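What follows is a short report on a single structure.
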Amino acid sequence: VWAVAGGALPAALERPLQEPLTSQRIVLWREALALAAEHPVRGAGPDRFGALNRAVEQGAAPDGKPHSAPLQAAAEQGVPGVLLLGAVFGWVLLALYRSPRPTPVVLATGAALTGLAAVASVGNALSFNQITVGAGLLVGLATAGEGGEAP
């Protein structure tokens, strides 16, 4: 995602990605990276991508989102936001590693969350409350201790 947004890929690798990702999404990613470069430490502010993005004015995305969780965090919250996003994912994986739940439950949860992270990096999956609440519920169930005993 970062390489495509920054134009760091050779043309031979970028051309095949343009069709499944769409050129509009790549424009949004580049705008988000440019906004993050303008405000690297503090970001532009929460929910400001739509207001400051020139591609949205041209009809690239009516929802005003860059359709990438890490790029949205970089544009709106700067480097600390990206670091916190990565830290939360790492913390959840560590909590799953230490979970008292059976191995199949932990592995299935880890695979589901890794899949969600992959989808969120190229799409706007985390923009929907139902998905973030469902992911939190899944993590909570997979990391909860064995209960049911009265003190």
Among the residues of the stretch 84-100 satisfying the criterion of being touching a Gly at 6+ places or on another chain (Cβ under 9 Å) and in a loop (DSSP other than H, G, I, E, B), which is most open to solvent (accessible area, probe 1.4 Å)?
PRO100
Open to solvent by less than 30 Å² (accessible area, probe 1.4 Å) and either in a helix (DSSP H, G or I) or at pLDDT below 85 (or both): which single residue out of GLY59, GLY64 fits that description?
GLY64
Here the qualifying pairs (Cβ atoms under 6 Å; residues six or more apart or on different chains; first in the stretch 127-147 and at pLDDT 90 or above; second open to solvent by less than 100 Å² (accessible area, probe 1.4 Å) and of a type in the set (D, E, K, R)) come out as ALA142/ARG101
Only one of LEU28, LEU71 is within 20 Å of ILE131 (Cβ to Cβ), modelled with pLDDT of 85 or more and within 16 Å of the chain's Cα centre (by Cα). Can you tell me which?
LEU71
When every residue in the stretch 67-83 that is in contact (Cβ under 8 Å) with a residue 60 or more places away in the chain and part of a helix (DSSP H, G or I) is compared, the one surrounded by the fewest Cβ atoms within 10 Å (Cβ to Cβ) is PRO70
Pick from ALA108, ALA142, ALA120, ALA135: which is part of a helix (DSSP H, G or I), within 15 Å of the chain's Cα centre (by Cα) and more than 22 Å from LEU28 (Cα to Cα)?
ALA135
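The values are calculated or read from the model by the stated rules, or taken from the named source; none is laboratory data. It should be emphasised that the depicted structure is a prediction, and the values quoted were computed from it without experimental measurement. For neighbour counting, all protein chains shown are included, and Cβ atoms are generated from backbone atoms with ideal geometry for every residue, glycine included. With ligands, DNA and RNA removed, areas are computed over all heavy atoms of the protein, side chains included. Shrake-Rupley method; radii C 1.70, N 1.55, O 1.52, S 1.80 Å.
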